[in-house]
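Data block below; observations after.
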Amino acid sequence: MKKDYIDSELYKILSFTPEASATVQNRIDSTYEQIRNNAASVSKNQGTPIRGKKKIRSGFYLGFAAALILVLGFLGFGNPVLAGKIPFIGRIFELVGDKVGYPGDFSENSVSISAPVSEKENADTLLAESNINDDANNGKLSVSETDVYSQTVDDITITLSEASYTEMALYFSVELYNEEGFPEDFDRVRNMEDYILSYNILFMNSRQDFDFSAVSTDLYDIEALNRCAEESLPTPTLIEGTFADPNTFLGIIRVDLEMLWEQAGAESLPPEFTYTLTINNLWAKLNESKDVPLTDPETGEVTILKEPVRKYYEGPWTFTVPVSLDQTDTQVKEIMETNADGIGISKVTKTRYEIKADIILPENADPFDYIVTITDADGQILDSQGNILEIYSVYGRNTDTVHVYVVDYYTFMDECKDDNAYLLPEKALYQTTIEW
């Protein structure tokens, strides 16, 4: 018989975070510069147009983390906390919104995703089979009240029930339920020694489609939006979150929009459109490796490399969601100011979850030679939000006043990052202060 957990127990379970040792922190600091250099190098080689050039904080940083973790070793999967499926649907934002790499108070501004009838029936059956009722979940959820997307392929059921939208990103809450249970190795937060993140990550190969067919062509260049959506926008590759028990992963998917409307040359996105996400497969690394031969094409010499073994779950799981952006929450400050060398900021945009500043550069300048960084009212550099380094998170920080700096890339990396943020006013090529 499945146990029903009260909220205090759930928060205690889901808030578990191992302490990071001094050694780990040192490794994090040393790895950070590699991450930035790799991201900039990869993005630069992709030949992105200057208007859309951004430093990408994509899955590449995970390669460095994985290499580091492989050396540090692992702990066994012991003492699983939960033994059954818990009524999380409709509450995932509330439970894990601050336990991902792009945190936010998503539950305060979330909307229920309205599913087609067939998918609702599937969800109702799933919940009914899970013995979920009003008494078990303190009245927060019942089968009749649930309005979710839920699809099962083999043993994996993926459920979307909440969404929160801004002009820069779409956020979806996700529950993944594995009837047979996920491998112990997937829960690295609890079971990997010196794991450097406070949340778990599941990788995915995905496809996304935007349907702007119902949007007025008098107000938006639909052809440009469609072209950029097909050619220029990276698809989501990560689900970040927490294992509630060996069978259940609670997470959030972030879909970046900023590159879409910026590269399309639009001032904003249409307030309503349809978004389709297809998850082709899911995977994560196991705590074991395999030998992979690598042959030198010139000498024929064979080198044996160690590569982590991956565990895959094949889909596809497809979700088509009507999106209604909350554009009333977007704040924009027009700056349009430069220094004598033509370096400056055109505008600063802030939503409830993120903030970014658009750089102005002289003709023929390389955007990758500069960093646009933003500090909070206390002078501390904000953390990146999502896959683009220069979109910053406002979560848990005082951003009523922010300071924007344009810094030479190497000056920032060598002298101004982390605890040296106090040097930014001295080292910046351009700076401005914004009060919201």
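Some notes on this structure:
- Under a model in which nothing but the beta-carbon of Lys, Arg (+1) and Asp, Glu (-1) is charged, the range 331-383 shows a dipole of about 320 debye around its Cα centre.
- Here the Karplus curve 6.51 cos²θ - 1.76 cosθ + 1.60, taken at θ = phi - 60°, turns the phi angles of the range 345-352 into couplings of 10, 8, 7, 10, 10, 9, 10, 5 Hz, with x standing for Gly and Pro.
- For the range 266-364, applying the loop criterion from DSSP together with a ceiling of 14 other beta carbons within 10 Å to the GluC sites (Glu not before Pro) yields E267, E298, E301, E363.
- Carbon-plus-sulfur accessible fraction, the range 249-341 (probe radius 1.4 Å, protein heavy atoms only): 48%.
- Cα-based shape type of the range 299-436, given that a ≥ b ≥ c are square roots of the gyration tensor eigenvalues and the cut on a/c is 1.5: oblate
- With a threshold of 25 Å on the Cα-Cα distance, the over-threshold entries among K311/K417; K347/K427; K356/K427 are K311/K417.
- Overall shape: oblate for the range 302-383, with the ratio a/c of the largest to smallest alpha carbon gyration tensor axis at 1.5 or above and b/c at least equal to a/b.
- Length gained when the stretch S232-A214 is fully extended (0.36 nm per residue, less Cα-Cα span): 4.3 nm
- Karplus 3J(HN,Hα) series, Hz, for the range 181-196 with 6.51 cos²θ - 1.76 cosθ + 1.60 (x for Gly, Pro): x, 7, x, 4, 5, 5, 8, 6, 4, 8, 10, 10, 5, 6, 4, 8
- 5 angstrom amide H check on A169, placed H, neighbours 5+ away: L257
- Relative contact order of the range 299-424, pairs being alpha-carbon contacts under 8 Å that are 6 or more residues apart, as %: 18 percent
- Spin-label pair E193/V332, simplified geometry with 7 Å Cα→Cβ offset, distance in nm: 5.3 nm
- Backbone N within the range 273-313 under 12 Å of label point (7 Å from E180 Cα along the Cβ vector): 312-313
- Order of exposure, largest accessible area first, which applies to D296, D291 with probe 1.4 Å: D291, D296
- Anisotropy class of the range 224-297 from Cα gyration tensor, a/c 1.5 cut: oblate
- A convex hull fitted around the alpha carbon atoms of the range 282-344 yields 318 Å³ per residue.
- Rough spin-label spacing in nm, given labels placed 7 Å along Cα→Cβ, for E307 and D414: 3.8 nm
- Options Y177, M192, S268, ranked by Cα towards positive dipole end of the range 171-297, top entry (Cβ charges): M192
The values are calculated or read from the model by the stated rules, or taken from the named source; none is laboratory data. It should be emphasised that the depicted structure is a prediction, and the values quoted were computed from it without experimental measurement. Note that each Cβ is placed from the backbone with ideal geometry, even for glycine, and that neighbours are counted across all protein chains shown. Each accessible area value is taken on the protein alone, full model and side chains, heavy atoms only, with ligands, DNA and RNA left out. Shrake-Rupley method; radii C 1.70, N 1.55, O 1.52, S 1.80 Å.
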